[in-house]
Amino acid sequence: MRVGFFISSLSGGGAEKVLITIAQSMADNNIGSVSITSLEKRPQFYQVDEEKVELYKIKNKHTGIRAFWEDFVSIRKHIKNDSAEVMISFLSRCNLLLLLCCLFNNRKIIVCDRNNPLKEHSRVIFWLSCLLYKRANRIVVQTNQIKTFYPRFLQKKIVVIENPIDNHKLQNELCRDGYNTKRVISMGRLEPQKDFETLIKAFAEINKQFSDWKLDIYGTGEKQEIIQKLIDDLNLTSAVCLCGRTENPVMEMSKSDIFVLSSYYEGFPNVLCEAMYAGCACISTDCVSGPRELIEQKLNGTLVPIGDVSKMKQALFTYIKNEDIRQKNGKSAQRTVERLYVNNIMKKWRELIEQVGENK
């Protein structure tokens, strides 16, 4: 079977990483031929093994409606020359483009929403998207909570598959020997969704009592200057560092004591899964969706209300003061995410792809 994946870019991000993990795993295990088509909307960050996975890049430089039209024309032209029996798209813009391109043919399509659809779009756009999603053979979301957001007429098409952890690859990144960092770490694009401001303000309170602890934030984005100014204004320049991107996130996590996810909302937070795999004591906002399906309160991590500086500070204080609790929760977190190991998740993907491909 030939399977074609479509996405807007291969830049640093959770959806991009998941797509490459699934495509590469299929290729490595000889589950048909695999291709990835990227619209190149942001610079490529993740690498693809092009000896096993065919990579196509569509580069249209315009923006707005013209860009959408040019991408539509390019994808139409591409799929006419591609014999993929099942096509899988990630992220809403690419989902809509692929569905529109295939309105008048019999291609088998799986669309994957990777974030909270009610936060990503207005309700009008969401409902228009749902009408077009009727054309898809299956819709993949990451949590049962997200599934409930979609209208009843789509429910039979929706499949819940959590994100995989490529444990074979990540095992080589773990670094647990001889570290003593007193380090809090966080990762994500520097954008409003991630709400790093709450984390920084909470850490400012912690720093008054525990000045030997440091906070490292990995990622780039539109709010970098604003966040750096907040760090400077709170006199945290020596305690909080914006570290940019890292090609080895799990290695950095495994050299840290505490991981924090401070988001307003998520789809299914890869960085939280990877931090749990690395054995960090994890703090997350109780946002929609994902954290509540991963963290059991105070057993393998701590959930705090969204945007609550005081509760974030309290959670940090508890972990910093209690090494035993940190280590106990970190080990429990590692056991929790075993269900996400790539072989376990790929079984679900293989079953779904075979089911869609065989459905006449």
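The values are calculated or read from the model by the stated rules, or taken from the named source; none is laboratory data. Note that this is a predicted model, so its numbers are computed, not measured. Positions of Cβ are generated from backbone atoms using ideal geometry, with glycine treated the same way; all protein chains shown enter the neighbour counts. To get the accessible areas, we keep the full protein, side chains included, count just its heavy atoms, and leave off ligands, DNA and RNA. Shrake-Rupley method; radii C 1.70, N 1.55, O 1.52, S 1.80 Å.
Each part gets one Cα centre, and for the range 72-101 versus the range 39-61 those centres are 15 Å apart.
When only Cα pairs below 8 angstrom with a gap of at least 6 residues are kept, the range 227-331 shows a relative contact order of 23 percent. Summing Lys and Arg as +1 and Asp and Glu as -1 over all other residues whose Cβ lies under 12 Å from the Cβ of V159 gives a net charge of +2.
Please report, to one decimal in angstroms, the Kirkwood hydrodynamic radius of the range 116-214 built from all distinct Cα-Cα pairs. It is 17.9 Å. Tell me which aspartates and glutamates have Cα within less than 15 Å of K298's Cα, excluding those fewer than 8 residues away on the same chain? Here the aspartates and glutamates satisfying the reach criterion relative to K298 are D286, E323, D324.
Based on the alpha-carbon gyration tensor of the range 1-159 and its eigenvalue square roots a ≥ b ≥ c, which shape applies: rounded if a/c is under 1.5, prolate if not and a/b is larger than b/c, or oblate? Mind dumping the intermediate values first?
Details: a/c = 1.42, a/b = 1.26, b/c = 1.13.
In terms of gyration-tensor shape, rounded.
With a 1.4 Å probe and all protein chains left in place, how much of the accessible area of the chain comes from carbon and sulfur atoms, in whole percent? Heavy-atom surface of the chain belonging to carbon and sulfur, 1.4 Å probe: 48 percent.
Take the Cβ atoms of L154 and K331, set R0 to 30 Å, and the FRET efficiency comes out at 0.15.
Within the range 30-47, whose backbone N sits under 19 Å from a point 7 Å along Cα→Cβ of K77? Under cut-off, by backbone N: 36-41. Across the range 67-110, the relative contact order, built from alpha-carbon pairs under 8 Å that are at least six residues apart, equals 50 percent. Here the range 40-57 is scanned for amide nitrogen atoms under 12 Å from the site 7 Å beyond the Cα of E247 along Cα-to-Cβ, giving 45-48. Only lysines eight or more places from K156 in sequence, or on another chain, were considered; those with a Cα closer than 21 Å are K108, K134, K147, K347, K348, K360. As a calculated quantity, the FRET efficiency between E222 and Q47 at R0 = 35 Å, using C-beta atoms, amounts to about 0.90.
Comparing Cα centroids, the range 285-304 and the range 122-147 end up 25 angstrom apart.
Here the contact order of the range 67-175, divided by its residue count and restricted to Cα pairs under 8 Å and six or more residues apart, works out to 21 percent.
For the set K255/K321; K169/K331; K208/K311; K52/K331; K311/K331; K57/K157, the pairs lying more than 26 angstrom apart at their alpha carbons are K52/K331; K57/K157. Computed from the alpha carbon atoms alone, the convex hull of the range 1-86 holds 89 Å³ per residue. Between L132 and N30, the FRET efficiency from the beta-carbon distance, with R0 = 30 Å, is close to 0.35. Taking the average, over residues, of other Cβ atoms within 10 Å as the packing measure, peptides 258-264, 71-77, 146-152 rank 258-264, 71-77, 146-152 from highest down. With contributions of -39500 (n - 2.57) from each DSSP H run of at least four residues, the per-residue ellipticity at 222 nm computed over the chain stands at -12500 deg cm²/dmol.
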